[in-house]
1. Taking Arg262 and the conditions (1) within 16 Å of ligand 2 (Cβ to nearest atom); (2) more than 24 Å from Leu435 (Cα to Cα); (3) in contact with a helix residue (DSSP H, G or I) (Cβ under 9 Å, 6 or more places away or on another chain), which numbered condition does it fall short on, given that it satisfies the others?
2. Being more than 16 Å from ligand 2 (Cβ to nearest atom), surrounded by fewer than 21 Cβ atoms within 10 Å (Cβ to Cβ), among the hydrophobic types (A, V, I, L, M, F, W, C) and in the same structural domain as Thr225 (by TED's automatic domain parsing) is the requirement here; does Leu379 meet it?
3. Kindly establish whether Pro29 is modelled with pLDDT of 95 or more and of a type outside the set (Asp, Glu).
4. Could you please find all residues in the range 332-351 being surrounded by fewer than 22 Cβ atoms within 10 Å (Cβ to Cβ) and over 30 Å from Leu294 (Cα atoms)?
5. Scan the range 197-227 for residues that are more than 16 Å from ligand 2 (Cβ to nearest atom) and touching a Gly at 6+ places or on another chain (Cβ under 9 Å) and report the count.
6. Starting from the range 340-362, take each residue that is touching a residue at least 24 places away in the same chain (Cβ under 8 Å) and list its partners that are of a type in the set (A, V, I, L, M, F, W, C) and assigned to a loop (DSSP other than H, G, I, E, B), counting only C-beta distances under 6 angstrom and pairs at least six apart or across chains.
7. Is one or more of the residues making up the range 122-142 surrounded by fewer than 24 Cβ atoms within 10 Å (Cβ to Cβ) and either in contact with a Cys (Cβ under 8 Å, 6 or more places away or on another chain) or polar (S, T, N, Q) (or both)?
8. Does the range 68-89 hold any residues that are at negative phi and either surrounded by fewer than 18 Cβ atoms within 10 Å (Cβ to Cβ) or at pLDDT below 95 (or both), and which are they?
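The values are calculated or read from the model by the stated rules, or taken from the named source; none is laboratory data. Because the structure is predicted, anything quoted here is derived from the model rather than measured. With ideal geometry, Cβ positions are generated from the backbone for all residues, glycine too; neighbour counts draw on all protein chains shown.
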Amino acid sequence: MYGTVIGVTLLGVHGRPVVVEAHIGRGLPSLTITGLPGASVQDGRDRIRPAVESSGLEWPLRRVVVNLSPGNLRKEGPGLDLPIAICVLCASAQVPRDRAAGLAFVGELSLRGALVPTPGVLSAAIAASRSGLRGVVVPEANAAEAALVEGLEVIGVRTLAEAVAYLRGSSTARLPASPPPPPREDPGVDFAEVRGQAHARRALEVAAAGGHNVLMVGSPGAGKTMLARRLATILPALSREEALEVTQLHSIAGLLGSSGLRSARPFRAPHHSISLAGLLGGGGSYLRPGEVSLAHHGVLFLDELTEFHRDAIEGLRQPLEDGRVVITRAAGSVEFPARFTLVAAANPCPCGYEGDPRRQCRCLPHRVQAYRQKLSGPLLDRIDIRLFVPRLSKAELLGEAAGEPSASIRERVDQARERQRRRYGHTGFSCNAQLPGPLARREAGISAGGQDVLARAVDTLALTGRGFDRAIKVARTIADLDGAHEVSSEHVAEALSYRMDLSEESLVRAG
Ligand SMILES: Nc1ncnc2c1ncn2[C@@H]1O[C@H](COP(=O)(O)OP(=O)(O)OP(=O)(O)O)[C@@H](O)[C@H]1O
Ligand SMILES: [Mg+2]
Ligand SMILES: [Zn+2]
């Protein structure tokens, strides 16, 4: 009375095949799972028997032991319900054993035997394909993502009964048609809708072109949120490999729904009350990716930066440095990719109107100072571009809209990125923002005129070492947008205009 079936567990973003064995022996009716089942797998224990019984199948009224191997790996994710159920059915000869060979099974069961949408199916399918399996049996709702893996047979089923019917050969199981071509995701917003704000629009173009992080400071209603939302629309299109990674992460977080490939750059805007686990990952009964990983290859927008918890802001340092986040918990530690462009927004003072030409700031000076200190916290040295966003005048708001559309800005961004890729091809860096200071100085190619402007800035603008490197990187990006080999004095001057100094009394003057 023995059966064996393949399932998949998740380790960070990767799937790992798990051999599920079931033995039915003498003893009081019970189900024991051995082999380091995590909390989410133990959870399934109470679902599996009712699911089997309500599917018109029999649960063996004896002692059932299920073992998961490799034994040294903690098994996480609810997707092991289905392989455990099938394995018990193999052991009790209700399903022919040989039919399950060469297949991996993934899916969470409901008490009534339905297969509910299950997180991480794409990662599981990739793992199954890499370990040489012929196909996967998955919930129908997740069939589209599994079908992204080339050369893998995908059997989408709605219930445990359908999975069993398929294995018995009397199949009504629906094989998904070849996956529909991914619809070009429409982000629903476009730079064409932004009136005026030439300085901010340009700053975001530079940010997109060089991969720079951005801080926007301005009064309420200035359009900071509006501008930030549109940054994702001018980043270069995702490569297929990047899109697969994004899709995997969203699938593990349970956010994919029944769609296939995610082809648009993610834009994530967590509320400032977010917990550390929500931001960095690790929430829920298994290790889930956080907002920093859901923003992978896209934009993480922190609106009202000063309102975020201090530990959340501190926690962003690692992903900003490394492009990945390591989550450690009692259950072990996992790693998720987290390479995003950070956009932060804040008001210039507690009341919001400091520096506004048409409305008086009502804050006491020491409160403005305390507020600024909060703003110039640990994150700031990772933000290359900082600018003041003024409110539009009534005339500007009522005037003609139709700024340049995102698509045409993106063409310039694409070309600038291509230049950077060619220049840094051998180094492993892909854009200017990623360069360490010394390398940036060496590779920048600053003209004599540009050097002059920089030298003067060190005196007149009290440019620090860090500010110096930052200006060089941004100037290099501006030259790349310009198609210029050398960084000119104009490029440097523009870069210096994105260095709003938060310690200054009035942000407008500095911006
Ligand atoms: N440049 C602009 N062009 C068109 N509409 C704008 C512009 N700026 C602001 N608006 C309008 O004003 C609304 C408020 O802008 P938004 O929410 O982006 O401001 P904000 O700077 O984020 O303000 P807050 O500090 O209160 O968060 C927008 O939804 C938009 O309708
Ligand atoms: Mg806002
Ligand atoms: Zn104020």
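1. For Arg262, the failing item is (1).
2. yes
3. no
4. If the condition is that a residue be surrounded by fewer than 22 Cβ atoms within 10 Å (Cβ to Cβ) and over 30 Å from Leu294 (Cα atoms), then Pro350, Cys351 are the ones that fit.
5. So the count comes out to 3.
6. Pairs that qualify, where the first residue is touching a residue at least 24 places away in the same chain (Cβ under 8 Å) and the partner is of a type in the set (A, V, I, L, M, F, W, C) and assigned to a loop (DSSP other than H, G, I, E, B), are Phe340/Ala295; Tyr353/Cys361; Glu354/Cys361.
7. So far as the range 122-142 goes, yes, one or more of its residues are surrounded by fewer than 24 Cβ atoms within 10 Å (Cβ to Cβ) and either in contact with a Cys (Cβ under 8 Å, 6 or more places away or on another chain) or polar (S, T, N, Q) (or both).
8. Ser69, Pro70, Gly71, Asn72, Leu73, Arg74, Lys75, Glu76, Pro78, Gly79
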